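One structure below.
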Amino acid sequence: MISTTSRRMTLAAVTAVAVGCGLLASTGAAAGGSTTPATGGATARPGPTVTVLARHADFPDDIAVQIRRKLDEGPTRVLNLRDPGHIVVARVELAPGAGFPWHYHPGPVIISVAEGDLVYQQSTDCREREYGPQEALVDPGDIIHTAWNDGDVPTVLYATFYDVPAGGAPTIPTNRQSGWCD
């Protein structure tokens, strides 16, 4: 028999992948390119192609989700989702050279890299973290970040966005600030 905690964590992981994709669609990036540079450089990157697989969904059951995230040698951060039932799921494709402008999310996002490679960069430490096929990452949501495909083949991601308020956007674009990853 699967424990309630295991069931909750499995539901959380599946939900996070879906929500991540919907978040990106709300930035307008799904319609074509983005003119906002994804990284500190002056060159604009084309935006992602986003297919929303499941629009805002909610669990009819009482679900609690906690995610523990530790990057590199840093501290472990515990993310307690306010309302894990408010999710969006999407498929995102990044052509070679394509990326996301600086942004954040209303809640955590679980991203699975299905094909290609993804470079993820947070404004807090500017470290370029690389993820390849069959690897996943957790974006805590409240840290401003960007990501891009610096490879020669398309990158395909599946994302689940959590804590997306009803009628709210899963991605919140922000302007690049001086001092971020110069």
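Fewest first, what order do E130, E93 take by the number of other Cβ atoms within 10 Å? Walk me through the intermediate numbers first.
Numbers: E130 12, E93 17.
Exposure proxy ranking, most exposed first: E130, E93.
Would you mind calculating the gained length between R68 and D142 on full extension (0.36 nm times residue separation, minus the Cα-Cα distance), in nm to one decimal? Mind showing how you got there, number by number?
Details: separation 74, 0.36 × 74 = 26.64 nm, distance 1.46 nm.
Contour length minus Cα-Cα distance gives 25.2 nm.
State the three equivalent ellipsoid semi-axes of segment 77-131, derived from the C-alpha gyration tensor as the square roots of 5 times its eigenvalues, in descending order and whole Å.
Values: eigenvalues 96, 53, 23 Å².
Over the Cα atoms of segment 77-131, the ellipsoid semi-axes are 22, 16, 11 Å.
What ranking do S123, S178 get, fewest neighbouring Cβ atoms within 10 angstrom at the top? Show your work: numbers first, answer last.
On the way: S123 18, S178 5.
So the ranking, lowest neighbour count to highest, is S178, S123.
Please compute, over every Cα-Cα pair in segment 52-171, the percentage with a separation greater than 18 angstrom.
Working: 3714 of 7140 pairs.
Beyond 18 Å sits 52 percent of the P(r) for segment 52-171.
Just so you know, all these numbers are worked out from the coordinates, no wet-lab data involved. No experiment lies behind these values; they were computed from the predicted model shown. So basically every Cβ, Gly included, is an ideal-geometry build from the backbone, and we count neighbours across all protein chains shown.
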